[in-house]
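Enquirer: Take a look at the following structure, please.
The values are calculated or read from the model by the stated rules, or taken from the named source; none is laboratory data. These numbers come from a predicted model, not from an experiment. In this analysis, Cβ positions are derived from the backbone assuming ideal geometry, glycine residues included, and neighbour counts consider all displayed protein chains. Ligands, DNA and RNA are stripped out before the accessible areas are found, and what is left, the full protein with its side chains, is counted by its heavy atoms. Shrake-Rupley method; radii C 1.70, N 1.55, O 1.52, S 1.80 Å.
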Amino acid sequence: MKNIKLTVAYDGSNFNGFQIQPDVRTVQGELEKALKRLNKEEISIISAGRTDAGVHATMHVSNFLTNSVLPAEAYKFKLKKYLPSDISIIESKEVKKDFHSRFDAKSKKYRYVICNSKVFYPHQRNYKLHIKHDLDINNMKLAANLLKGEHDFSAFMKLGQDKNPVRNITNIEIYRLDEDIILEFEAQSFLHNQIRIMVGLLIDIGRGFREVNYVNEIFEKKIERAAKTYGPQGLYLVEIKY
């Protein structure tokens, strides 16, 4: 039996998230259907993590066990025949039997893209968040520094989804790229909706609705809800380190 690691990219626009669910289209569901057709066996993939409906990935990692004699490197090419056009296999290779795509992950990096322009084109709507108002990127960076480190992020999660709200944000980068503002978040793991709520808070601070020190007030338990949850369309899983 072989353990195969797949590095996958996908356009999340028409998926109801990564994790398999009954009666809806998911990335995991499409991958498992394709593997069954290729290998002629039932396969349950192990995922490095879940992404919500509408979230994209340029690097998502999964692994699966198989009795197939097909060389590991061939999955990158053979699966293309059975996968929809909004999923691509970037790499396939054999790994040790005890490799686990989720538990062995050291960190994950997500990128959120904001189009900070007066003009917004229809083809961008599934891939960027449009904020036409001016954003103070320096204040956003100051606030991001306060978000880094280990904190109780109870105010940054979907209620009832996570039992342990403590997370350690190892890095946040914010920079401009032409008319876009890019926010990158890195941690071993994130709470459900955490990044999208952090983005909401940083936008509020960038627009001047909140002071930078508002972040400290949240962590001092003075605030129950940090900000609104912004849409998934600007969010990408871009790197997983092992």
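Enquirer: Specify the longest stretch of the chain that does not include any exposed loop site, a site being one of the GluC sites (Glu not before Pro) with a non-H, G, I, E, B DSSP assignment and at most 14 other Cβ atoms within 10 Å. Intermediate results must be reported in sequence, preceding the final value.
Expert: Details: sites that count: GLU41, GLU42, GLU179, GLU211, GLU220, GLU224.
Of all site-free stretches, the longest is 43-178.
Enquirer: Per residue, how many Å² of accessible area does the stretch 48-150 show with a 1.4 Å probe?
Expert: Details: 5790 Å² over 103 residues.
Averaged over the residues of the stretch 48-150, the accessible area is 56 Å².
Enquirer: If you build a Gaussian network model of the chain, linking Cα atoms that sit under 10 Å apart, which residue out of GLY200, GLY231, GLY149 swings the most?
Expert: Result: GLY149 has the largest fluctuation of those listed.
Enquirer: How far is helix 27-39 tilted, in degrees, relative to the longest principal axis of the Cα atoms in the chain, given as a value from 0 to 90 rounded to the nearest 10?
Expert: Helix 27-39 sits at roughly 10 degrees to that axis.
Enquirer: Follow-up. What ³J(HN,Hα) values, in whole Hz, does the Karplus curve 6.51 cos²θ - 1.76 cosθ + 1.60 give for the stretch 2-14 when θ = phi - 60°, with x put for Gly and Pro?
Expert: In residue order, the calculated couplings are 10, 10, 10, 9, 10, 9, 10, 10, 7, 8, x, 3, 10 Hz.
Enquirer: Karplus couplings for the stretch 166-173 from phi (6.51 cos²θ - 1.76 cosθ + 1.60, θ = phi - 60°), rounded to Hz, Gly and Pro as x?
Expert: For the stretch 166-173, the Karplus-derived couplings read 7, 9, 10, 8, 7, 7, 9, 10 Hz, x marking Gly and Pro.
Enquirer: Order HIS130, HIS56 by their accessible area, 1.4 angstrom probe, all chains in place, largest first. If you can, show how the numbers build up before the last one.
Expert: Numbers: HIS130 60, HIS56 5 Å².
Sorted descending by solvent-accessible area, the residues read HIS130, HIS56.
Enquirer: Which entries in the list LYS36/LYS93; LYS5/LYS163; LYS93/LYS241; LYS76/LYS96; LYS97/LYS148 go over 23 Å, if you measure between the two C-alpha atoms of each?
Expert: Working: LYS36/LYS93 18 Å; LYS5/LYS163 29 Å; LYS93/LYS241 16 Å; LYS76/LYS96 18 Å; LYS97/LYS148 35 Å.
In this structure, LYS5/LYS163; LYS97/LYS148 lie more than 23 Å apart at Cα.
Enquirer: What do you get for the angle between helix 194-207 and the principal long axis of the chain? Use alpha-carbon atoms, 0 to 90 degrees, nearest ten.
Expert: The angle comes out near 30 degrees.
Enquirer: Ok, one more. Can you compute 3J(HN,Hα) from phi for each residue in the stretch 228-239, using the Karplus curve 6.51 cos²θ - 1.76 cosθ + 1.60 with θ = phi - 60°, rounded to whole Hz and x for Gly and Pro?
Expert: Along the stretch 228-239, the couplings run 6, 8, 6, x, x, 5, x, 9, 9, 7, 10, 7 Hz.
Enquirer: Taking amide H positions as placed 1.01 Å from N in the peptide plane, with prolines and chain starts having none, which residues 5 or more places from ILE90, or on another chain, fall under 5 Å of its amide H?
Expert: Result for ILE90 returns THR7, VAL8, ALA9.
Enquirer: Something else about it: Can you give the extra length, in nm with one decimal, that the chain gains between GLU211 and ASN126 once fully stretched, where that is 0.36 nm per residue apart less the Cα-Cα distance? Show your work: numbers first, answer last.
Expert: Working: separation 85, 0.36 × 85 = 30.60 nm, distance 3.01 nm.
Stretched fully, the GLU211-ASN126 segment lengthens by 27.6 nm.
Enquirer: To the nearest 0.05, what FRET efficiency results for GLU179 and ASP86 with a Förster distance of 22 Å applied to their C-beta separation?
Expert: Details: r = 26 Å, r/R0 = 1.16.
Efficiency, rounded to the nearest 0.05: 0.30.
Enquirer: Just to verify a number: what accessible area does LYS108 come out at with the full protein assembly present, 1.4 Å probe, Å² rounded to tens?
Expert: Surface accessible to solvent at LYS108 totals approximately 30 Å².
Enquirer: Next question, about the same structure. Who wins for biggest fluctuation among LEU79, LEU201, LEU129 in a Gaussian network model of the chain, springs between alpha carbons below 10 Å?
Expert: LEU79
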